[in-house]
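K.L.:
Below is a structure I'd like to ask you about.
The values are calculated or read from the model by the stated rules, or taken from the named source; none is laboratory data. No experiment lies behind these values; they were computed from the predicted model shown. No Cβ is skipped: glycine too gets one built from the backbone with ideal geometry, and neighbour counts run over all protein chains shown. What goes into the accessible areas is simple: the full protein's heavy atoms, side chains included, and nothing from ligands, DNA or RNA. Shrake-Rupley method; radii C 1.70, N 1.55, O 1.52, S 1.80 Å.
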Amino acid sequence: METTWKKLDWRSAVFTLAIAAVVLMAIGLPTRAAAQGDNQDDPPSRVARLGYMEGSVSFEPAGENDWVGAVDNRPMTTGDKIWADKDSRAELQLGSAVIRLSENTGVSFLNLDDHTAQVQLSSGAINIRVRDLDRNDVFEIDTPNLAFSIYQPGSYRVEASEDGSNTVVTVREGDGEATGNGQTYRIHAGQRTTFSGTDSLNADMEQIGEPDRFDTWAEGRDHRHEHSRSAQYVSPDVVGYDDLDDNGDWRDQGDYGHVWFPHVAVGWAPYREGHWAWIDPWGYTWVDDAPWGYACFHYGRWVSVEGRWGWIAGPREVHAVYAPALVVFVGGGGGFGGNIGWFPLGPREVYVPSYAVSRSYVERVNISNTTVNTTTVTNVYNTTIINKSTTITNVTYANRNVQGAVTAVPQRTFSSAQPVARAAVAVNAEQLRSAPVSARVAVNPTREAVLGSKASTANHVTAPPAAVANRQVIAKATPPPPPPAFAARQQAMAAHPGQPLPKREMASLRPAPSAAAAAHPAVKVAPPGKPATPTTGHPPANQPNAARPGQPAPGAPANQPNRPGNQPAPNERPGAAAQPNRPGQPENRPPAAQPNRPESNRPETNRPPANQPPNNRPETNRPTAPENRPPAAQPNKPENRPPATEPSRPENRPPAAQPNKPENRPPATEPNRPENRPPAAQPNKPENRPPAAEPNRPENRPPAAQPNKPENRPPAAEPNRPENRPPAAQPNRPDNRPPATEPNRPENRPPAAQPNKPENRPPAAQPNRQENRPPAAEKPAPPPKKEPAKPQTPEEKKKQQEEKKPPGV
């Protein structure tokens with residue numbers, strides 16, 4: 001009985017503990033859910049900066065349908081679009097990457113946050129330089145027929161044809177993968193792949209060629225960034241720090257550390273030369289006019305040192321977090337008689353966002369931009385965000401009392417993106433002391449603030465063609481839906497003036513897609529793909545330039561001699577004018593360049609020109625040399641030897657030894673054996689030899705009937721038959737060289753004495769065998785060991801016997 005009670009007590013304890021755990025989990029879940037909900041409203045820590053432009057560049061904000069003139073330093077985020085017109089270029093900087101647009105190129109951001117950069121390329125060409133890419137990061141380029149994912153830092157180029165049927169992906173450095181129509185193609189460094197078709201994706205891969213002008217321009221911009229002096233003072237995530245090099249000086253200022261002082265006019269102050277734009281989800285955002293005016297207005301802090309303004313970057317080892325404007329507003333609720341003022345934050349001062357954020361975001365955006373205690377950040381967060389107090393009290397700001405630090409403008413100027421400097425109003429000390437300091441301006445923006453300072457140019461600038469602007473693209477990652485138009489959210493914003501709407505409220509204002517939009521969405525997510533292997537070759541002849549829109553002749557063959565698309569096919573040969581010195585193509589060299597070639601000194605009357613045109617050989621069967629052998633395997637080819645080494649090339653050599661005379665041989669049968677055996681087809685054969693009397697055995701013919709056969713002549717008259725003469729009686733041997741230097745007379749020497757003619761064995765590979773001896777009837781050369789012991793050869797004996805006979809016998 002006692003044992004039973006003990007068991008029950010143990011089971012009751014376990015049950016009680018389980019109930020307690022469930023209760024604790026139920027209590028803890030709302031806390032975690034609330035924390036997660038807070039983080040969902042945090043904006044990205046990065047945006048894209050429109051940092052450089054040439055020519056005519058247009059811009060369309062997210063959710064709007066009007067194209068306006070683009071301005072320098074405009075921050076771009078999800079949904080924003082940009083168009084570089086003819087003879088124009090643009091550069092978008094993301095901190096860890098940079099995207100450069102060629103002419104006639106349209107780009108938009110389908111998604112841009114801390115870990116995703118999803119770019120839509122409707123038409124044109126872009127160069128992408130990725131400097132840093134984490135394992136979980138997504139960097140994707142979506143075109144009309146594929147989605148290209150970048151997997152490694154490197155240099156990439158993606159081109160979409162004007163009609164949307166082709167995409168060309170070039171990987172100079174790095175690694176990536178193209179996805180489309182259920183297929184995936186891996187592309188590595190040094191490869192260029194052309195993808196054609198939409199319903200079926202065809203891939204053709206080739207080696208990349210030399211850079212064109214667009215590539216060269218992009219490389220020059222990269223070089224400028226990589227050699228920036230300011231890189232040693234700022235975090236690599238700070239966008240635009242390379243612009244500081246030529247526009248200011250770095251100095252060591254004691255407690256402040258390294259401070260950058262801009263080259264500006266007297267009376268200049270931060271956040272004065274520019275305008276305020278409205279960019280969701282941050283709200284009012286400063287856009288500076290100076291070419292260098294980006295890094296020091298969205299990162300770091302400003303300080304006044306001896307009457308001169310200097311910028312202090314955040315800690316170099318901390319990931320930089322973008323902020324729309326690091327300022328404090330004065331009279332944001334309508335003070336200064338309807339004017340709105342502001343001044344820059346100083347070192348160790350806390351930035352309070354005007355948009356809904358979590359505690360962790362406030363810590364990150366401050367710790368990454370200045371040296372500040374986390375306790376101080378928490379206290380400010382609790383006061384201004386948790387307690388929803390828009391007015392900041394009990395904080396002494398260093399720059400508030402600096403002469404000329406505060407800039408003020410009328411509300412209309414502030415809320416409609418008008419230039420600040422020309423509308424600035426004077427503010428006296430009394431007004432500053434009495435005006436409240438706040439984290440945001442309680443004034444709603446106008447549509448002009450969304451379009452920017454060039455809102456008046458709406459519908460009066462160049463824009464992409466309608467077919468390009470409305471073209472569907474293929475994506476691998478599912479992008480977020482586009483934001484609602486400003487007009488749709490303007491009424492909801494009136495409840496909280498000057499504060500952006502939270503993400504959930506923005507989503508509720510997004511209109512439902514129409515039936516037409518649902519049937520043909522702007523972005524089509526590709527199905528999961530299976531690995532496929534591209535073909536290796538060349539794109540169709542009518543397509544190489546279609547994928548290079550918007551470039552002032554960078555894709556022309558004349559500017560890209562080494563691009564794979566402009567190289568000849570493997571079985572083609574370029575003309576002599578294009579490659580005059582290419583080895584293995586003797587037809588491209590005139591006979592005058594071969595003074596020691598015997599055929600150059602022979603009269604042309606014995607060569608029928610109709611049957612022997614110099615370029616009459618079918619090139620497709622001989623890709624590198626007339627004998628179908630690569631130049632490296634032809635040590636005795638005349639093209640590969642200097643003329644000085646060919647003094648003893650006799651006229652009776654077969655075409656294999658005469659690279660300029662192989663036209664009468666069918667390449668497919670005996671490329672190295674002259675087929676023109678009949679006397680009529682042998683212009684270099686002696687005409688006095690009857691074909692029936694062993695034309696290929698000259699040693700059996702009388703000397704009178706064989707003037708060109710040296711073996712039947714006495715030693716003094718046989719300059720080209722060294723095998724019948726003792727070494728001392730060979731005055732006509734070329735240059736009196738030993739057998740080792742006679743690569744062209746190997747038939748009478750043992751194999752050891754033929755180092756330069758290994759290809760003559762077996763008979764099928766004997767290009768330098770004499771043409772007058774067919775393989776079946778050819779008499780083997782006498783063994784070398786018997787030559788010293790026989791002062792007189794059988795041929796000489798026979799010749800002496802024939803000389804004793806009476807003439808005519």
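K.L.:
Quote to one decimal, in nm, the extra length available between Lys524 and Asn247 on full extension: 0.36 nm per residue of separation minus the C-alpha distance between them.
P.N.:
Gain in length upon complete extension: 95.2 nm.
K.L.:
Counting only protein heavy atoms and a 1.4 Å probe, tell me what percentage of segment 264-348's accessible area is made up of carbon and sulfur.
P.N.:
That share works out to 51 percent.
K.L.:
Enter the accessible area of Asp252 (Å², nearest 10), with the probe set to 1.4 Å and all protein chains included.
P.N.:
110
K.L.:
Still on this structure, please answer the following. With every protein chain present, what is the per residue accessible area of segment 223-319 (1.4 Å probe, Å²)?
P.N.:
So segment 223-319 comes to 40 Å² accessible per residue, rounded to a whole number.
K.L.:
Please report, as a whole percent, how much of the solvent-accessible surface of segment 394-510 comes from carbon and sulfur atoms (probe radius 1.4 Å).
P.N.:
On segment 394-510, the fraction of accessible area on carbon and sulfur atoms equals 52 percent.
K.L.:
Which of the peptides 405-414, 375-384, 313-322 is most tightly packed, and how do the rest follow, judged by the mean count of other Cβ atoms within 10 Å per residue?
P.N.:
With the highest mean Cβ count within 10 Å placed first, the list reads 405-414, 313-322, 375-384.
K.L.:
At what distance in nm do the modelled label points of Asn39 and Lys86 sit from each other, each positioned 7 Å from its Cα along Cα→Cβ?
P.N.:
In this crude label model, Asn39 to Lys86 measures out at 5.2 nm.
K.L.:
Just check segment 271-393 against the gyration tensor rule for me: Cα atoms, a ≥ b ≥ c as the square roots of the eigenvalues, rounded for a/c under 1.5, and otherwise prolate or oblate depending on whether a/b exceeds b/c.
P.N.:
rounded
K.L.:
Give the shape of segment 123-211 as rounded, prolate or oblate, defined through the alpha-carbon gyration tensor: a ≥ b ≥ c are the square roots of its eigenvalues, a/c under 1.5 means rounded, and otherwise the shape is prolate if a/b is larger than b/c and oblate if not.
P.N.:
In terms of gyration-tensor shape, prolate.
K.L.:
Skipping prolines and chain starts, which residues have an amide H placed within reach, meaning under 5 Å, of the one on Ala97, given they are 5 or more residues away or on another chain?
P.N.:
Sorted by chain and number, the residues that satisfy this are Arg131.
K.L.:
Run the numbers for Ser165 and Ala492: contour at 0.36 nm per residue of separation, minus the present Cα-Cα distance, in nm.
P.N.:
Answer, rounded to one decimal: 113.5 nm.
K.L.:
Under the 0.36 nm per residue contour assumption, what length would be gained going from the current alpha-carbon distance of Ser514 and Ala265 to full extension?
P.N.:
Extra length available between Ser514 and Ala265 comes to 84.2 nm.
K.L.:
Next up: In what sequence, highest mean first, do 299-307, 276-284, 480-488 appear when ranked by Cβ atoms within 10 angstrom?
P.N.:
Ranked by mean Cβ neighbours within 10 Å, highest first: 276-284, 299-307, 480-488.
K.L.:
Still on this model: Calculate, for segment 48-117, the solvent-accessible area per residue in square angstrom, rolling a 1.4 angstrom probe over the heavy atoms of the protein chains.
P.N.:
24
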